[in-house]
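Report on the following structure.
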Amino acid sequence: MPVSRFLSSDDIRERFAQAMSAMYQAEVPQYGTLLELVERVNRETLEADPALAERLAAHGELERLDAERHGAIRVGTAEELAMLRRLFAVMGMVPVGYYDLSAAGVPVHATAFRPIDETALARNPFRVFTSLLRLELIESQALRERATAILARRDIFTEGCRESIALHEAQGGLDEEQSERFIAEALETFRWHREATVDLETYEALNAEHRLIADVVCFRGPHINHLTPRTLNIDEAQRRMPDAGMNPKAVIEGPPRRACPILLRQTSFKALEEGIRFAGERQGTHTARFGEIEQRGMALTARGRELYDRLLGDARRRTAGLDNEAHQRVLGETFADFPNDEKTLRREGLAFFNYRLSEAGGTGGCVESASLEELLERGLVSARPLTYEDFLPVSAAGIFQSNLGGENGGNYTGSANREAFEQALGAPVADELALYAERERVSRERVLKALSAE
């Protein structure tokens, strides 16, 4: 089959993300309300800040903003995780980063499947935060064996999905018709089912160990448990959620509000209680699915992350039990030591930047002896922060706990195991810091080469 007949992975990813959003909106109507709220807040933010709107438009960020989503799923076995890696590869998404959530009392470790190419990210930066249940952390041997047996009996992929993945791998792509079949079949893995695969007693036993364990083990598949639009003003979105009929989590996770946003801020409306039919026709309820909002800032270097982690640790010791406003105030005070202007962040090597020729620099002329800093000062080159494309373990755990009914389960501190996760995945996870560093290096060398040409 000629390669030209294949749809690009970007096309398939964009269509899948749109189909996933439509499915989740039908399953959780409040998610549609959330999308409307975020769209309204974004529109008003842009109207109030024309300079921001102009900057986003100039860099193609407005189109990305409207399309951007991330989702989250949880799987139970190495086989499920490895097949998901192959599924996401069809859409140009690779595993990036290792996240140990066990230190926060959540018995999983995770990665994020996402595109990594700059062009692909600009087209559609769809991500899926994917967690693997750590059965070895269940203290009760009997319960651990029961969970293992339950998971061994299920197949979360349709036969059509497996066939589509194999076809993509064999021929190097999928045409229009094959892509549409893949999307339809793959969606079934993420669909919600109100019928549990276990009886109520088994569910309650697993739920008592940890609510997330019950969520992973007791259903036919890893139903998408949230989808997340991106906002330009998460504080305003959080403030308006109750008026829109949503019950927001107590505090916004991540760094404080800043003139120069960094990393990732997240909040959500609390998970909904949904009716479940258990084996034996007994009725019950389950709480797992919710709606989340995110506000993304710039990616930090290793040095920047070290400073962020230290300040966040200081703040967390002072914010326990505070409401959101007090929480944000303490965060802001603590993060006063973190530079809050792009020039300082760049010069001190705290954040990653993308370098491009300015309009003046694009007119030509050889400036071979000039340093990058001199080119920036002369206005021949511009520096734009790289958007943070990944996640924060502490924030992810905070979202998980808030939507699982608070703290429950054991203490899993100190059990990170990246090697075991990558063995289950069947591949290494990419280092997110290395990806940002490479994008910055390529952009820097590109502008220096262009301006040093005869």
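The values are calculated or read from the model by the stated rules, or taken from the named source; none is laboratory data. Just so you know, these numbers come straight off a predicted model, no measurement behind them. Cβ sites come from the backbone with ideal geometry, for glycine too, and all protein chains shown count toward neighbours. Protein only, heavy atoms only, side chains kept; ligands, DNA and RNA dropped before computing areas. Shrake-Rupley method; radii C 1.70, N 1.55, O 1.52, S 1.80 Å.
Here are a few things to note about the model shown:
- Selection from Gln266, Val251, Thr231, by position along the positive dipole direction of segment 197-302 (Cβ): Thr231
- A Förster radius of 41 Å, combined with the Cβ-Cβ distance separating Ala78 from Arg347, puts the computed FRET efficiency at roughly 0.35.
- With the highest mean first, a sort of the peptides 386-393, 444-451 on other beta-carbon atoms found within 10 angstrom per residue produces 386-393, 444-451.
- Across segment 272-280, computed HN-Hα scalar couplings (Karplus, 6.51 cos²θ - 1.76 cosθ + 1.60, θ = phi - 60°) run 8, 8, 10, x, 10, 9, 8, 3, x Hz from first to last residue, x flagging Gly and Pro.
- Straight-line cross-link partners of Lys449 among the aspartates and glutamates, defined as a Cα under 20 Å from its Cα and at least 8 positions apart when in the same chain: Glu118, Glu359, Glu368, Glu373, Glu374, Glu377, Glu438, Glu440.
- The mean sequence distance of close C-alpha pairs (under 8 Å, at least 6 residues apart), as a share of the length of the chain, puts its relative contact order at 20 percent.
- The simple spin-label model puts a point 7 Å past each Cα toward its Cβ; for Ala149 and Arg191 those points are separated by 2.9 nm.
- Each residue of segment 259-264 was assigned a 3J(HN,Hα) from its phi angle through the Karplus curve 6.51 cos²θ - 1.76 cosθ + 1.60 (θ = phi - 60°); the sequence is 5, 10, x, 10, 6, 8 Hz, with glycine and proline shown as x.
- Using a Förster distance of 60 Å, the FRET efficiency for Glu159-Glu44 (Cβ separation, nearest 0.05): 0.80
- Theoretical FRET efficiency, 1/(1+(r/R0)^6), r = Cβ-Cβ of Ala19 and Ser140, R0 45 Å, to 0.05: 0.70
- Net charge, Arg64 excluded, C-beta distance under 12 Å - Lys, Arg +1, Asp, Glu -1: -3
- The simple spin-label model puts a point 7 Å past each Cα toward its Cβ; for Arg181 and Asp243 those points are separated by 5.1 nm.
- Burial order of peptide ranges 205-216, 340-351 (average beta-carbon count within 10 Å, highest first): 205-216, 340-351
- Debye, to nearest 20: dipole size of the chain, +1 on Lys, Arg Cβ, -1 on Asp, Glu Cβ: 480
- The slack in the chain from Glu359 to Arg5, taken as 0.36 nm per residue of separation less the alpha-carbon distance, amounts to 123.7 nm.
- Computed extension length for Ala166-Arg277: 36.5 nm, one decimal, from 0.36 nm per residue of separation with the Cα-Cα distance subtracted.
- Taken about its Cα centre, segment 201-259 carries a charge dipole of roughly 400 debye when the Cβ of each Lys and Arg holds +1 and the Cβ of each Asp and Glu holds -1.
- Carbon/sulfur fraction of accessible area - the chain, other protein chains in place, 1.4 Å, %: 48
- Full-stretch length increase - Asp431, Arg303 - with 0.36 nm per residue and alpha-carbon distance subtracted: 44.6 nm
- Dipole-positive endmost among Leu34, Ser21, Met93 within segment 1-125 (Cβ charges, Cα centre): Met93
- The chain - accessible surface per residue (Å², probe 1.4 Å): 42
- When you count the other C-beta atoms within 10 angstrom of each residue and take the mean per peptide, 281-291, 138-148 line up highest first as 281-291, 138-148.
- Per-residue ³J(HN,Hα) for segment 196-212, Karplus 6.51 cos²θ - 1.76 cosθ + 1.60, θ = phi - 60°, Hz, x for Gly and Pro: 7, 9, 10, 7, 4, 5, 5, 4, 5, 5, 5, 5, 5, 5, 5, 4, 5
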